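The values are calculated or read from the model by the stated rules, or taken from the named source; none is laboratory data. Just so it is clear, the model here is predicted, and its values are computed rather than measured. Here the Cβ positions follow ideal geometry from the backbone for every residue, glycine too, while neighbour counts run over all protein chains shown. Only protein heavy atoms, including side chains, enter the accessible area calculation; ligands, DNA and RNA are left aside. Shrake-Rupley method; radii C 1.70, N 1.55, O 1.52, S 1.80 Å.
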Amino acid sequence: MGIGGELTGAVEQLPVQRVLASGQLFRMIGSASHAHKAEVEIEAAYPGMRCLLLPSSTLGLMLLLEALGLRPGQEVLIEPLGWVSNWSCLRRAGLKPRFLALDERLQVQPQDVAARIGPQTGAVIITHLLGRGQQGVIEISRICRERGIPLLEDVAQSFGVSIQGRRAGAFGDGAWCSLNH
């Protein structure tokens, strides 16, 4: 069987065969779907939050940006180290990426976020890098809340990581991740 241009073996084929045999190829078909089961498990790990699995993390960010109702020309503060589709989503929406500085540990400093928020800032996006999360996220979240600026979190590299008892992705107004690798 070939998926994504690569051949898969018997182990990789088992989940695909189970989905095909279930006859439920779409997530909207009942609570027995694999997508629904994963959403329920993820929601249990992130109390008070909702999960929606989509075909790609890029689509997730696009939907978050649309839901925020940001206007073309608004700035979005974002880290320079992240997945290229994050910046592509901003550009496609007519938003202006404005890069935040990273320190030697690849962390965003809350004071940099505070200093860069201006009248044209529509949102702040942080990326929880390298499986350790953004250590300043609690302060960044407070700054964004006080100024009425939505905080979005890319948790692809740190899905499930805990920061002071809360999981990366649970500090802002929305989060997304890829389940690749």
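Couple of notes before you dig in:
- Filter result for R92 (without any contact (Cβ under 8 Å) to a residue 40 or more places away in the chain and in contact with a Ser or Thr (Cβ under 7 Å, 6 or more places away or on another chain)): no
- Taking the criterion of being free of Cβ contacts under 8 Å to residues at least 40 places away in the same chain, open to solvent by less than 10 Å² (accessible area, probe 1.4 Å) and in contact with a His (Cβ under 9 Å, 6 or more places away or on another chain), the residues of the stretch 131-181 that qualify are Q134, V137, E153, V155, S158, I163.
- A search for C-beta distances below 7 Å between a residue of the stretch 103-127 that is over 26 Å from G69 (Cβ atoms) and any residue that is open to solvent by less than 20 Å² (accessible area, probe 1.4 Å) and polar (S, T, N, Q), counting only pairs 6+ apart in sequence or on different chains, returns Q107/Q134.
- Hits in the stretch 65-91 (condition: among the hydrophobic types (A, V, I, L, M, F, W, C), under 25 Å from L106 (Cα atoms) and either part of a loop (DSSP other than H, G, I, E, B) or open to solvent by 40 Å² or more (accessible area, probe 1.4 Å) (or both)): L81, W83, V84, W87
- Test for Q134: is it touching a helix residue (DSSP H, G or I) at 6+ places or on another chain (Cβ under 8 Å), polar (S, T, N, Q) and assigned to a loop (DSSP other than H, G, I, E, B): yes
- Candidates V124, V108: the one that is surrounded by 14 or more Cβ atoms within 10 Å (Cβ to Cβ) and not in a loop (DSSP other than H, G, I, E, B) is V124.
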